[in-house]
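Note sheet for the following structure.
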Amino acid sequence: MTDEHTNQGGQGAGDHWSNISRRGWLKALFSIPVVGVFLYNYLRKKAADDAKRDAIMSELRVAETGPAVIPDAISRPPGERLRVGIIGFGGEGESLVRNAGFAHPGWVEDAIEANREDARNKRLETYMNQDDLNIEITAVCDVFDVRAERAIAASAVDTRPGGGSANQPAKRYRRYQELLQSGDVDAVIIATPDHWHSRMTIDAVNEGIHVYCEKCMTRTEQETHDVYDAVTNSDTVFQLGHQNRQSESHNKAREIIEADILGPITLVEGTTNRNDPWGAWVWDIHEEGNPQTIDWEQFEGPAPNKVPFSLERFFRWRCWFDYGTGLSGDLLSHEYDAVNQILQIGIPKSAVASGGIYYFKDGRDVPDVFQAVYEYPDRDLTVMYSATLANGANRGLVFMGHDASMKVGGSLTVTADHSSTRYEEKIDGGMIDPDRPMFTYRPGFKGIDAVTSATEQYFASRGLLYTYRGGRRISAYHLLIAEWLDVIRNGGETSCNIERGFEEAITCHMATRAYQEGRKVEWDPVRRRIV
Amino acid sequence: MQLSVRPYTNFQTTALVVLRVLIGWHFLYEGLAKLGNPYWTSAGYLAESKWWFSGVFMFMATHEPVLAVVDFINSWGLVAIGAGLMLGCLTRYSTIGAIVLLALYYIAAPPFAGYTYAMPMEGSYLLVNKVLIELAAVVVLLAFPTGMLFGLDRLIFRKQTPEYQALQQAHG
């Protein structure tokens with residue numbers, strides 16, 4: 001702080017620009033070199049990071065942006081109004097109808113309350129963001145009175161996505177055959193227990209009614225053949241309920257495979273870990289459930305073993321082989337369909353399976369710990385499924401190649417392998433770090449999602465709950481239904497059509513048979529039979 | 001006369017200017033790093049908010065238009081404040097801006113006993129964390145301004161520089 005104005009003295013104080021001495025200018029601009037050092041280092045770092053990323057990306061030939069090919073479910077405006085029936089309005093049926101634009105008024109109230117308590121809970125916003133699919137729910141069939149009434153209330157809800165107006169309440173049919181023959185439905189959603197899927201699907205397509213059927217497509221091998229024949233011999237549009245078909249990260253995973261980033265893939269591991277009674281199908285028994293409100297005889301229908309009325313069996317049907325196939329049809333089916341979507345592997349040559357009832361010793365006869373191993377010798381590939389309903393570790397779905405591993409769920413990561421041949425040079429050169437993902441794909445959404453229940457978290461972590469389109473969170477169920485309706489109106493193929501459904505059901509049944517019969521089973525591709 | 005407008009010793013001035021430039025550097029890079037990362041959002045930080053104001057921060061995190069504004073203000077604010085502190089440009093406003101931002105970061109996620117956060121922290125903190133220390137350092141910069149001594153503020157506020165005022169006095 002030395003004097004510096006003295007040499008300016010003669011110029012007068014009024015001309016203050018010229019009052020600034022050389023020293024004054026230096027003091028004013030002293031930090032310019034520091035800024036220069038900053039910018040030099042910043043740009044160098046940025047250039048190095050960019051070069052590294054570009055090198056990896058040019059090697060991988062995959063864009064970091066959203067998947068190039070995603071099923072074209074929502075681009076075409078819905079044409080004529082379709083009349084949709086719902087058979088089975090339990091948890092899944094209600095969810096599907098809601099994702100078609102008809103939430104039960106009680107659900108709407110709960111969602112508003114949930115959002116008030118926790119602003120992250122955006123169930124209602126996601127519901128209201130749905131496209132109006134231009135349908136009405138005209139017909140309902142459920143063997144439990146409470147659920148049938150609930151479906152009727154949902155069909156006439158006045159809180160509609162896209163500001164759609166309330167429709168007339170649906171008509172209830174006591175028997176699904178009456179619903180199919182009523183002339184009131186163009187298309188039907190089947191969300192009953194698995195043991196009813198095949199008979200209802202066959203009867204529907206024989207009436208010329210389009211079918212959206214929940215997984216697992218069937219309960220037995222023979223039913224699978226029967227459904228396949230009926231659907232392929234009809235002019236109807238069939239969609240099987242595997243939401244992963246609409247997930248951005250699953251479609252991105254397909255791109256990764258097409259670009260051959262992983263090298264030869266020898267092992268794929270799909271997993272299920274859940275650790276709560278709900279996730280193990282110990283579902284609530286409704287207080288109004290009794291022989292007067294439940295048509296037990298119709299519930300049992302094609303079940304192989306007839307037993308006296310049982311609330312446990314009605315409300316927790318997944319625990320018994322009479323109505324489903326346990327982990328096979330419920331959750332292995334999701335993992336398998338995701339692998340089939342990404343690798344297009346079809347039916348395996350052989351399957352072995354093992355497991356047991358190790359934790360939920362509540363009278364069920366399906367295993368709660370279950371492993372299945374499938375061989376695909378012509379693809380030099382093993383696909384294994386490993387599940388427990390008594391531990392919540394997140395193991396994900398992992399594709400293991402010689403050059404890299406890919407983990408697929410709500411997001412997607414690819415990590416180079418330490419001993420990769422293809423990436424050896426880049427790993428040695430420090431361009432690729434095999435301890436960190438070299439490619440991460442996160443769906444283009446920056447907001448906060450809150451998923452509350454453990455089961456929701458399980459599905460969200462596997463990309464089965466929500467997906468993202470243009471940065472908007474959308475229910476994957478909604479997109480799958482929208483695609484089905486779009487194909488009904490405009491033609492084309494559903495992403496989980498009868499061919500994929502046949503592969504899914506047979507593959508699941510191979511594991512079930514291997515477990516039940518305690519032996520290795522094989523698929524005879526000529527006779528098209530499990531042997 | 002001139003001594004009265006020259007309150008700091010050279011050592012004091014140097015220490016204060018170095019502190020200002022370093023904090024500016026930190027802010028500027030934090031801002032540029034956020035702008036350069038297409039995935040960056042403050043949503044995760046805000047949604048984890050604890051303490052009295054968590055409702056406000058949660059509101060920001062869960063309303064997309066609000067979040068977009070918050071992210072914009074945060075990243076560009078950091079850049080502007082960082083550049084301001086480094087260059088000594090509008091130093092007073094940059095300092096106040098820095099205090100506001102740091103105070104928001106602190107009250108959004110204070111390291112109080114009993115609060116745990118899912119986000120990893122690089123140290124161990126109890127009530128005092130690095131955000132609070134940086135905040136205190138910026139308060140020092142506000143209490144002992146240096147922009148008029150070393151920085152573009154010499155040019156912007158020419159008439160208020162000690163030298164100019166000394167000149168005025170010297171010339172009566």
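The numbers here are math on the coordinates, done by the rules we state, and not lab data. Since this is a predicted model, take the numbers as computed values, not measurements. Glycine gets a Cβ as well: all are built from the backbone with ideal geometry, and neighbour counts include every protein chain shown.
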Q.
Tell me the mean residue ellipticity at 222 nm calculated for chain B from its helices only (DSSP H runs of n ≥ 4, each -39500 (n - 2.57), averaged over every residue, nearest 500).
A. -20500 deg cm²/dmol
**Q.** Order of A:502, A:370, B:59 under a 10 Å beta carbon neighbour criterion, fewest first
**A.** B:59, A:502, A:370
Q. Going by alpha carbons, how many degrees (0 to 90, nearest 10) lie between the helix axis of A:498-517 and the longest principal axis of chain A?
A. 70
Q | By average C-beta atoms within 10 angstrom, highest first, the peptides A:433-442, A:201-210 | A | A:201-210, A:433-442
Q) Per the helix-only calculation at 222 nm, which mean residue ellipticity applies to chain A, given -39500 (n - 2.57) for every DSSP H run of n ≥ 4 and division by its residues, nearest 500 deg cm²/dmol? A) -10500 deg cm²/dmol
Q) For peptide B:80-91, how many partner chain Cβ atoms fall within 10 Å of a residue's Cβ, on average? A) 2
Q | Segments A:395-404, A:484-493 sorted - mean Cβ within 10 Å per residue, highest first | A | A:395-404, A:484-493
Q: Could you list B:62, A:220, A:507 in order of exposure, starting from the residue whose Cβ has the fewest other Cβ atoms within 10 Å?
A: A:220, B:62, A:507
Q) Per the Kirkwood formula on distinct C-alpha pairs, the Rh of the stretch A:321-374 is how many angstrom? A) 12.4
Q) Which pairs break 19 Å Cα to Cα here: A:46/B:34; B:50/B:130; A:27/B:130; A:349/A:520? A) A:27/B:130
**Q.** Share antiparallel - DSSP beta bridges, the protein assembly as shown, percent rounded to 5
**A.** 60
Q | Within 10 Å of each Cβ in B:7-14, the average number of Cβ atoms from other chains | A | 1
**Q.** Least to most buried among B:126, B:67, B:35 (fewest other Cβ within 10 Å first)
**A.** B:126, B:35, B:67
Q) Over all residues in A:25-37, what is the mean tally of Cβ atoms on other chains that come within 10 Å of each residue's Cβ? A) 6
Q: Calculate the radius of gyration of the Cα atoms of the protein assembly as shown to one decimal place, then report Dmax, the largest Cα-Cα distance, as a whole number, both in Å.
A: 32.9, 113
Q: Please state the charge dipole magnitude for the protein assembly as shown, taken about the Cα centre, from unit charges on C-beta atoms (+1 on K and R, -1 on D and E), reported in debye and rounded to the nearest 20.
A: 2880
(Q) Is the C-alpha gyration tensor of the stretch A:193-321 telling us rounded, prolate or oblate? Criteria: a/c under 1.5 is rounded; beyond that, a/b larger than b/c is prolate, otherwise oblate. (A) oblate
